[in-house]
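Participant: Sharing a structure below in structure tokens format, with a few things to ask.
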Amino acid sequence: MYLSICSCCQEKLVKIQVENYSKAIAEESKEVAPQLTQIYEKIMEIQNKIDKFLPQYQELIEMLDIGSISPNTAQQRRHRKTYHRSNTQVLAKSQIDLAENFVQFLTTIHNLKNLNPTTSSQVSVLTKLSRCKLQYYQENKFAFNKLQRNLEQQAPTEVLLSIQRIVDQMAMNSAYISLKQLALESILLSESYQLTNKVSSLLVEVESTLLEELQQCLLESNEDYEAHLADVDQFLKIQLQGHRFIRPSRRDGPEQVAQLLLTRVISLLQQIVLQLEAKCVEKKFQVSRRKLKSCQKFTQKLTPREILLGPI
């Protein structure tokens, strides 16, 4: 017998089914259960952020005070200008955080396809989980897009341009940092596991392109370019110490590391492209987008054996 349930109850039901599924296959498979649990926990972590940030974004739009009576005195105009500058910066940060979380949410859901269920019940649970989370994504992404359209219809052009400039700079900065960290990790892995520089040299080339467009953003906003790069280098030192994208196990040999490197590079390049497309207008950063996509296509054609220096 089939019963219709609301979205709230469906969330709870899916959670129960995932927990039961993980327990049921724990003894049968040492790989699928932990993978499912890890993916589900990541999905819920991102979902909680979206649930938190979306109402905040709506509130920030309402706080812009668009359409209020124009200030009369010079002091009131200065105060209003400072107020709007602060608010638009916070609003831009909120907008970019939401866009990033929606991309991460969707890519994490797609990771469920990498699981290999062996029974009809396992297939059923994974299908229901995917359907439930895709429905959540569609409903909340629609709400986010609607808020953005409301903002575009109400806000003065200068406010919209200010928000988009901040969003563009944040998006390119994030893309550059991620790409540079990926390039550095690729170089370190190539040195440690006797891999060729086919991947790392291409990533370094793309990194250079992203840096040029980031530099242009920083110059347009009158920021200190050299100081910004110094901050990025310091941040990457911390990331490489304990927050790497690629983490081989101690048992992995060169071929396993080569496969892991290719898989992660392809995945992260795709995520960087999606982030730029989600956050920036279509005409922005076209050169960087083309370079990223070209790099991804090249990497997809490589095999682990092609990036090994010596015999396996």
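Participant: Is it the case that V232 is at pLDDT below 95 and closer than 20 Å to E100 by Cβ? Let's see the steps before the verdict.
Facilitator: Working: at pLDDT below 95: no; closer than 20 Å to E100 by Cβ: yes.
So V232 fails the test.
Participant: S178 passes all but one of (1) closer than 18 Å to V273 by Cα; (2) among the small types (G, A, S); (3) touching a residue at least 12 places away in the same chain (Cβ under 8 Å); (4) open to solvent by 40 Å² or more (accessible area, probe 1.4 Å); which number fails?
Facilitator: (4)
Participant: Of all residues in segment 226-285 being among the basic types (K, R) and outside any helix (DSSP H, G or I), which is least open to solvent (accessible area, probe 1.4 Å)?
Facilitator: Within segment 226-285, the match that is least open to solvent (accessible area, probe 1.4 Å) is K284.
Participant: Name the residues in segment 192-206 that are open to solvent by 30 Å² or more (accessible area, probe 1.4 Å) and part of a helix (DSSP H, G or I), would you?
Facilitator: The answer is S192, K198, S201, L202, V204, E205.
Participant: Return yes or no: is R149 surrounded by fewer than 14 Cβ atoms within 10 Å (Cβ to Cβ), basic (K, R) and in a helix (DSSP H, G or I)? Explain how you work it out, then say what you get.
Facilitator: On the way: surrounded by fewer than 14 Cβ atoms within 10 Å (Cβ to Cβ): yes; basic (K, R): yes; in a helix (DSSP H, G or I): yes.
For R149, the condition - surrounded by fewer than 14 Cβ atoms within 10 Å (Cβ to Cβ), basic (K, R) and in a helix (DSSP H, G or I) - is met.
Participant: Checking the condition polar (S, T, N, Q) and within 21 Å of T107 (Cα to Cα), which residue from Q239, Q234, Q300, Q286 passes?
Facilitator: Q300
Participant: Still on this structure, I have one more. Only one residue in L210, L184, L189, L160 is more than 24 Å from R290 (Cα to Cα) and buried (at least 20 other Cβ atoms within 10 Å of the Cβ). Which one?
Facilitator: Numbers: L210 fails: more than 24 Å from R290 (Cα to Cα); L184 fails: more than 24 Å from R290 (Cα to Cα); L160 fails: buried (at least 20 other Cβ atoms within 10 Å of the Cβ).
Checking each option against the conditions leaves just L189.
Participant: Please enumerate the residues belonging to segment 118-140 that are assigned to a helix (DSSP H, G or I) and open to solvent by 50 Å² or more (accessible area, probe 1.4 Å).
Facilitator: Just the residues of segment 118-140 that are assigned to a helix (DSSP H, G or I), to begin with: 120-140.
Those that are assigned to a helix (DSSP H, G or I) and open to solvent by 50 Å² or more (accessible area, probe 1.4 Å): S120, S121, V123, T127, K128, R131, L134, Q135, Q138, E139.
The values are calculated or read from the model by the stated rules, or taken from the named source; none is laboratory data. All of these numbers come straight from a predicted model, not from anything done at the bench. So basically every Cβ, Gly included, is an ideal-geometry build from the backbone, and we count neighbours across all protein chains shown. Remember, those area values only see protein heavy atoms, side chains included, never the ligands or the DNA or RNA. Shrake-Rupley method; radii C 1.70, N 1.55, O 1.52, S 1.80 Å.
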